[in-house]
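Notes to accompany the following structure.
The values are calculated or read from the model by the stated rules, or taken from the named source; none is laboratory data. The shown structure was predicted, so the numbers you read here are calculated from the model rather than taken from an experiment. Using ideal geometry, Cβ is built from the backbone for each residue, glycine included, and neighbour counts are taken over all protein chains shown.
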Ligand SMILES: Nc1ncnc2c1ncn2[C@@H]1O[C@H](COP(=O)(O)OP(=O)(O)OP(=O)(O)O)[C@@H](O)[C@H]1O
Ligand SMILES: [Mg+2]
């Protein structure tokens, strides 16, 4: 289980997380949605120790992440695959080299095993035959799939997806959504998916949580979120800024400073 309990995180004067609590139970797929700049990526980075909270608790399988030693953190990152927002592939390396790098760095895999894992991961994301291509030779959707292949090469128990469908056309988005479901069904992974694409969120998740003002404003099944009467949630899912402004008492939508500091 992934647990974030009462997380607080600021960068200088900017408050980003302000009491965020979210649990992702074994086998669940949870979507974390919210406006651009709400702090979704910041929240995700805490789970693998890329960021440290100012206050609050982050646990994976009951282990307190911020207090892990470096070797234990590396071990954690084998269990928690991270699909980065912009794929984060190295341009000077082929797809296969990008996938191999993490496996080599972590150690413990033979050359044959590495090759086998690369082939298996690329096949799972339907990128077989692209081993020798460079990231620049891939489309946006293929790049995202390569990022996913790299994350599953370790055989993770958890997958964290940061905007897996942003910038993709609707058909490619559906392909990625299906892949996320396939990872759940075939690999049995527990997933936390950051997205602002509500169609994706409805399609892939058991539960949806909306991050707003540094904490989870509402959490529920896709149906509960779809039918939410909270003006901010309703405004977000229906793409109606006037509802959001009304629901937040005339505040700006996109700023992520505390409400008290962002009156228009
Ligand atoms: N390392 C950092 N140092 C300073 N500020 C940061 C850092 N990382 C994030 N921020 C700030 O935290 C806020 C939240 O950023 P974050 O990337 O989590 O947003 P997001 O919800 O993922 O948005 P998007 O949907 O656009 O990806 C932003 O204002 C950003 O500038
Ligand atoms: Mg982000």
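Can residue 49 be described as buried (at least 20 other Cβ atoms within 10 Å of the Cβ) and in contact (Cβ under 8 Å) with a residue 12 or more places away in the chain? Yes, satisfied. Residue count for the stretch 76-103 satisfying the condition of being surrounded by fewer than 13 Cβ atoms within 10 Å (Cβ to Cβ) and at pLDDT below 90: 0. Scanning the stretch 76-97 for residues that are within 23 Å of residue 194 (Cα to Cα) and in a helix (DSSP H, G or I) yields a total of 4. State whether one or more residues within the stretch 30-50 are over 23 Å from residue 172 (Cβ atoms) and more than 16 Å from ligand 1 (Cβ to nearest atom). Looking through the stretch 30-50, none of the residues is over 23 Å from residue 172 (Cβ atoms) and more than 16 Å from ligand 1 (Cβ to nearest atom). Which of (1) at pLDDT below 95; (2) within 16 Å of ligand 2 (Cβ to nearest atom) does residue 211 not meet, given it meets every other one? Just one mismatch for residue 211, condition (1). Among residues belonging to the stretch 1-52 that are farther than 30 Å from residue 187 by Cα and not in a strand (DSSP E or B), point out the one that is farthest from ligand 2 (Cβ to nearest atom). My answer is 13. Residue 116 fulfils the conditions (1) under 22 Å from the mean Cα position of the chain (by Cα); (2) in a helix (DSSP H, G or I); (3) closer than 25 Å to residue 181 by Cα except for a single criterion, (1). Out of the stretch 6-34, which residues are in contact with a helix residue (DSSP H, G or I) (Cβ under 7 Å, 6 or more places away or on another chain) and either at pLDDT below 95 or over 22 Å from residue 237 (Cα atoms) (or both)? Listed by number, the residues that qualify are 7, 9, 34.
Among all positions in the stretch 1-9, there is no residue which is within 16 Å of ligand 1 (Cβ to nearest atom), surrounded by fewer than 19 Cβ atoms within 10 Å (Cβ to Cβ) and under 30 Å from residue 136 (Cα atoms).
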